[in-house]
Amino acid sequence: MNISNQYTHSRPSVLASLGLALKAIPAWFYPLALVVLVPLLLPGYFATPVVFESCAVRQALVLNGSEPFSVDHFEGEGDFSRDVKAGEKYCMDNLHLSGQAQNTDDDARVRLFNVGDKGELYLHEPPLNIVSGHWHTDRVRPGSNIREIRFVRMSEASSHMFSAMAGDGIWQTVALPREASTVASIHLEPVRICPNLDARRCVR
């Protein structure tokens, strides 16, 4: 018999064999394998709960003049439903603020603005309602790009213009009116979220 004319079967390649083996694995196995392998490949990743919410550290109130003004309560919601003091962290949620201020007359108002990381101003509606030297406002929501909460005194006419803008859904302003003056401000220091893959080094 002539061996050179004999038909021989070639072995399948390693990649082809691997492909056939993977096709034989049921689909439900892959998520299970991921859960098992990730803690081994990234030690400590599940060591602490990872928070993917934007958080910031509240700084002390800074007065911009001699006008009396205070923020006595800086309260969050949810897990941060407490009075946040200067130097303490809170996560982005609705804030309830209250304090004391000089009473305004019919020709002036004090408004709150959220100031972005590029200096842009965002309206908060309504203006502060100061009654007998006390004020409060709800639903202040500084987003992850906000670096300052600013309190500004302005004329009633300018305040009315801003309220009209809010009514039209325009929340970002270009500039403050010329007669406006900053009464006080609170700077917000952003907290970096999970700078490393190891959860033990992530922000809680």
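Order 152-158, 134-140, 61-67 from most to least packed using the mean count of other Cβ atoms within 10 Å. Intermediate values should be presented prior to the final figure.
Details: 152-158: 18.3, 134-140: 16.0, 61-67: 12.7.
Listed from highest to lowest mean packing, they are 152-158, 134-140, 61-67.
Once you order the gyration tensor axes a ≥ b ≥ c over the Cα atoms, which shape class does region 53-180 get: rounded for a/c under 1.5, otherwise prolate or oblate by comparing a/b with b/c? Display every interim value, and only then the final one.
Working: a/c = 1.74, a/b = 1.28, b/c = 1.36.
Since a/c reaches 1.5 but b/c is at least a/b, the shape of region 53-180 is classed as oblate.
Would you mind checking which residues have amide H under 5 Å from Val84's amide H? H placed 1.01 Å from N; only 5 or more apart, or other chain.
Close amide H contacts, sequence-distant or interchain: Phe74, Glu75, Gly76.
Readers should treat all values here as calculations from the given coordinates under stated rules, not as data from a laboratory. Please read these numbers as outputs of a predicted model, since none were measured by experiment. Glycine gets a Cβ as well: all are built from the backbone with ideal geometry, and neighbour counts include every protein chain shown.
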